[in-house]
Amino acid sequence: RPGEHKEIVEIGAVRVDTEGFTEIDSFDVTVRPAINPILSDYFINLTHITQEDVDTRGIDFKSAVYMFSDWARALPLYSFGSDPDVLKENCLLSKISFPFDPERFSDIRKTFREFGMDAFQYTSGTIVSAFGADIHRRAHNALNDARSIADGLKLLAKNGL
């Protein structure tokens, strides 16, 4: 709707060992939205991020994205869909430069597709169900979604696909 933007409220990521897709580090930060600082009930119900979470733990987007950039170093970055576009949009909204080389980003759904899975039928939080596995992480939480993608990659490797 008018005046609404895809303001980032959470950035979550995992660094994994590509041999077994085990987590070796994680990044998780709550972001305080600047344009629409009051969270909607829909958003709260979807993400379980409360207004109190944002007000007490949230940091400004500029600080969050630069912290994430430092954490990510020069490593390749994988997302489940258009996360790089949302990061760019938020940089524009915050009037800061995009701190990443766009060539570093890849859509991990393409990797699943290369092995015969239509990952476009799933979300980052549900990809494990493509392997018949139970979903045991709460979706729509940035860090959990990143961990679910790693779980999906581990299942992909385990099944020899």
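Just a few scattered comments:
- Placing +1 on each Lys and Arg Cβ and -1 on each Asp and Glu Cβ, with no other charges, gives the range 8-161 a dipole about its Cα centre of roughly 160 debye.
- Counting only protein heavy atoms and a probe of 1.4 Å, the accessible surface of the chain is 51% carbon and sulfur.
- Relative contact order of the chain, taken over Cα pairs closer than 8 Å and 6 or more residues apart, is 25 percent.
- Whichever lysines have a C-alpha closer than 22 Å to that of LYS158, once near sequence neighbours (fewer than 8 apart) are set aside: LYS110
- Solvent exposure ordering (accessible area, 1.4 Å, most first) of ASP55, ASP25: ASP55, ASP25
- Using a simple spin-label model with pseudo-atoms 7 Å out from Cα toward Cβ, ILE59 and ASN45 lie 3.2 nm apart.
- Full extension of the chain between MET67 and SER129 gives 19.1 nm of extra length, using 0.36 nm per residue less the Cα-Cα distance.
- Normalised per residue, the accessible area of the range 1-70 is 62 Å², obtained with a 1.4 Å probe and no contribution from ligands, DNA or RNA.
The values are calculated or read from the model by the stated rules, or taken from the named source; none is laboratory data. This is a predicted model, so every value here is computed, not measured. FYI the Cβ positions are ideal-geometry reconstructions off the backbone, even for glycines, and counts take in every protein chain you see. The protein model used for the area step is the full one, side chains on, heavy atoms only, and it has no ligands, DNA or RNA in it. Shrake-Rupley method; radii C 1.70, N 1.55, O 1.52, S 1.80 Å.
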